[in-house]
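The values are calculated or read from the model by the stated rules, or taken from the named source; none is laboratory data. Computed from a prediction, not measured in an experiment: that's the story for all the values here. Quick reminder, even Gly has a Cβ in these numbers, built from the backbone with ideal geometry, and neighbours come from all protein chains shown. Ligands, DNA and RNA are stripped out before the accessible areas are found, and what is left, the full protein with its side chains, is counted by its heavy atoms. Shrake-Rupley method; radii C 1.70, N 1.55, O 1.52, S 1.80 Å.
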Amino acid sequence: MIRFIFLFFITFSLFSFPTYQVVIDPGHGGIAKDPMSEHGDKYDSITMGYLEKYKQGTESGKVTEREVVLALSKEVDAILRLTETEEGWIKFSSYLGQFSKSKTFPRIIIKSVLTRKSNFDSDTASTDPNALYRLYDFPDPKTGVRKKGRISFINEQKPHLVLSLHLNPAGRGQTGGMAAVLTPGYSTFNLLKEISEGKKKPKGFLNSPWSDWMVFAGNWSKLENAVADAWIYFHGYWSDRSGKKTELDKFEGYRQNMVSWKYADDKGWESKAKQGGKGPYSKTHSGFHADGPFFEREKGKKESWRREGGREGFGGDNYYATKELMRFVQYGLRLQLKDEKGYPEVGPIQNPYISTYSLPTYTNAICAFIEIGYINRKRDIKYLTENRKETAISLAVGIYSLFGGMEVRKPKAMPILPKGKKLNWERYGNYFEEVVAP
């Protein structure tokens, strides 16, 4: 009886602390294998097929993105899990003490889950090597039953925060470093729509912090690429270069209906989409109406908080969380690896990559999407492999700070400092819970 009371007390005590859910998403994991009809991603229930090849990620020699980010993600996951036990919290607090002037820290529990624990290399005999790694839902090749992709898995966990780790290839003159990956909210996409309709002047976008848009169509301007991405966001199709005409042979799908969540359109939406006409499935701006659960969500305050404005000037809480974690890595590596020569050199924080990325858009969580390094820059890979533990500690401490805040130590001549300010989680209310389909 006494032992039962003791165990009850310990369990009750642990769960009386504020508890937060984190999902760590190591980018990619699968293989860009032919035929696309069997091994692709972005399954579309209108065309009944995959719309693109699986995005395998980048490689340089024997170094692969999928392996580097998986190993780092596992390390971060293990450190965050220390917060779940009294003994582990003591160890975790010692990491916090390296970064802060404080001697004690408010106790929180961080529940951590990985979206994957392996790569396609782990099961080379599989007939569907991308089954564990697709972003979007897909049908079982034998039964046709819909299986959940990584985005649906993430939403199923109802996380407060998603940490998605990736690597980039560096071009000529690129010294390395790290960068955020961002998607704006409804207001910016609507501005781009109105620019393409001639209702607004381009300067409204060109003078905004979103103007440094990712270029996919290489001979198009950044504005032209942004306008095309707005068409994809609203219509599921690319536009032509003028931004005034739908490219019906370039279909990206109605992505809000490719995941299992509360904001998918009602059953039978496919027949309405095939009919087109006026409404949310219109193939023209003039006939389009932003109706349905997804667009109602997009127009809400919480999505604006997540993706617009915010402490970094734009990008909302997504950008603050991402940039703050990058600052913690920059700070933490220098702090932990300092020697008699001083602070080591770390690649800079680059400008963010901006486009219609899936993860920041189709999840109900603060999304810290980080290109954590450049795969063909030795310094970056050294930190991510030889100094993996120090990098992981920096990310884990940064995640704690986003939830609880902390007073960061300010060593002399430290070139970059985190803010140490927690996010305003309270204003989101039940947002993180209200994501799974009833």
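Can you pull out the residues in the stretch 384-419 that are under 28 Å from Gly300 (Cα atoms) and either among the acidic types (Asp, Glu) or without any contact (Cβ under 8 Å) to a residue 24 or more places away in the chain (or both)?
Gly405 - this is the single residue of the stretch 384-419 that is under 28 Å from Gly300 (Cα atoms) and either among the acidic types (Asp, Glu) or without any contact (Cβ under 8 Å) to a residue 24 or more places away in the chain (or both).
Mind counting the residues in the stretch 192-223 that are over 22 Å from Gly315 (Cβ atoms) and either buried (at least 16 other Cβ atoms within 10 Å of the Cβ) or aromatic (Phe, Trp, Tyr) (or both)?
Matching residues across the stretch 192-223 total 2.
Mind listing whichever residues of the stretch 350-397 are in a helix (DSSP H, G or I), β-branched (Val, Ile, Thr) and within 30 Å of Gln256 (Cβ to Cβ)?
Correct list: Thr361 only.
Mind checking which pairs have a first residue in the stretch 237-255 that is closer than 21 Å to Lys199 by Cβ and a second that is of a type in the set (A, V, I, L, M, F, W, C) and open to solvent by 70 Å² or more (accessible area, probe 1.4 Å), Cβ under 7 Å, 6 or more apart or different chains?
Partner pairs satisfying both residue conditions: Tyr237/Leu248.
Looking at Lys91, Lys142, Lys101, Lys158, which one is surrounded by fewer than 16 Cβ atoms within 10 Å (Cβ to Cβ) and either touching a Leu at 6+ places or on another chain (Cβ under 8 Å) or at positive phi (or both)? Even if it seems obvious, please write down each step before you answer.
Working: Lys142 fails: either touching a Leu at 6+ places or on another chain (Cβ under 8 Å) or at positive phi (or both); Lys101 fails: either touching a Leu at 6+ places or on another chain (Cβ under 8 Å) or at positive phi (or both); Lys158 fails: surrounded by fewer than 16 Cβ atoms within 10 Å (Cβ to Cβ).
Just one listed residue meets the conditions, Lys91.
Among the residues of the stretch 273-287, are any under 22 Å from Thr363 (Cβ atoms), assigned to a helix (DSSP H, G or I) and either of a type in the set (A, V, I, L, M) or touching a residue at least 40 places away in the same chain (Cβ under 8 Å) (or both)?
no
Given the condition open to solvent by 20 Å² or more (accessible area, probe 1.4 Å), of a type in the set (Lys, Arg) and within 16 Å of Val162 (Cβ to Cβ), answer yes or no: does some residue in the stretch 315-324 qualify? Spell out how you get there, then give the answer.
Taking the stretch 315-324 first, the residues open to solvent by 20 Å² or more (accessible area, probe 1.4 Å) are 323.
Remaining after also requiring of a type in the set (Lys, Arg): 323.
Going one step further and asking which of them are within 16 Å of Val162 (Cβ to Cβ), we end up with 323.
Scanning the stretch 315-324, I find at least one residue that is open to solvent by 20 Å² or more (accessible area, probe 1.4 Å), of a type in the set (Lys, Arg) and within 16 Å of Val162 (Cβ to Cβ), so the answer is yes.
Where in the stretch 173-261 are the strands (runs of 3 or more DSSP E), entirely inside, with at least 3 residues that are under 23 Å from Glu308 (Cβ atoms)?
Of the strands (runs of 3 or more DSSP E) lying wholly inside the stretch 173-261, those with at least 3 residues that are under 23 Å from Glu308 (Cβ atoms) span 179-182.
Starting from residues that are open to solvent by less than 20 Å² (accessible area, probe 1.4 Å) and not in a helix (DSSP H, G or I), keep the ones in the stretch 51-88 and report whichever is nearest to Ser118 (Cα to Cα).
My answer is Thr64.
Of everything in the stretch 242-264, what is surrounded by 15 or more Cβ atoms within 10 Å (Cβ to Cβ), out of contact with any strand residue (DSSP E or B) (no Cβ under 9 Å at 6 or more places or on another chain) and either modelled with pLDDT under 95 or at positive phi (or both)? Give them in sequence order.
Within the stretch 242-264, Gly243 is the sole residue that qualifies.
Which of the residues belonging to the stretch 331-347 are among the basic types (Lys, Arg) and surrounded by 17 or more Cβ atoms within 10 Å (Cβ to Cβ)?
Arg334
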